[in-house]
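Notes to accompany the following structure.
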Amino acid sequence: MNAPEKEDRSDNPSKDSIRPVRIIAEVAVLSALYVAMTVLLAPVSYGPIQFRISEALVILVAARRHLILFVPISCFIANLFSPYAGPWDLIFMPLVSMAGALPMYLLRTKWLLFSSWAYAAVTAVGVGIMLSVLMEKGFFVLFGSVLASQVIIMTLAFFAFRGYLAAVERRRGCDGTEGREA
């Protein structure tokens, strides 16, 4: 008689079975993607009027909680290329980004749109404070422009994420792979 096969829980991020190498690899790949997107779109990724499209990746924290580690790491590395690189961009903003991602980390997919908007608001406050100090411009103008772009990005990310989840559910229903992700 054959020994029973071990259940593969690699599709379920809430289980303790995720191996450290896999966690590190996922965080590294996502961080690299975030940095690449930010740097390649640099004219709009930094400054008082920014549209950092790579921020949409942060919503993945809701699906795989360990990905919260990529948020400050990728923010730090991407900000090394910022014209404002310094203590504000390299220490303060990664901490702000991590704090902003906490609602998605804690609530997972429950209230995801609102927790992604909370991320947008926290990030906008952080960027507004940083740039108002560095550029000696009004906080509310800087906050408002960053908040608008962040809300747009996180809302689009929310709908893309929901679309992905719906596609996974349809696939589960069609091919009988209940409990497995696409």
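Each value in this text was obtained by applying a stated rule to the coordinates, not by laboratory testing. The shown structure was predicted, so the numbers you read here are calculated from the model rather than taken from an experiment. So basically every Cβ, Gly included, is an ideal-geometry build from the backbone, and we count neighbours across all protein chains shown.
What the table shows:
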quantity	calculated
Projected label distance in nm at Leu102 and His66, using a 7 Å step from Cα toward the beta-carbon	2.3
Förster radius 30 Å - calculated FRET efficiency between Arg22 and Thr155, Cβ distance, rounded to 0.05	0.50
In segment 111-177, the trypsin sites (Lys or Arg not before Pro) that fall in loop regions by DSSP, at most 15 other Cβ within 10 Å	Lys137
Under Karplus coefficients 6.51, -1.76 and 1.60, residue-wise ³J(HN,Hα) of segment 163-170 in Hz, glycine/proline x	x, 4, 4, 5, 5, 4, 5, 4
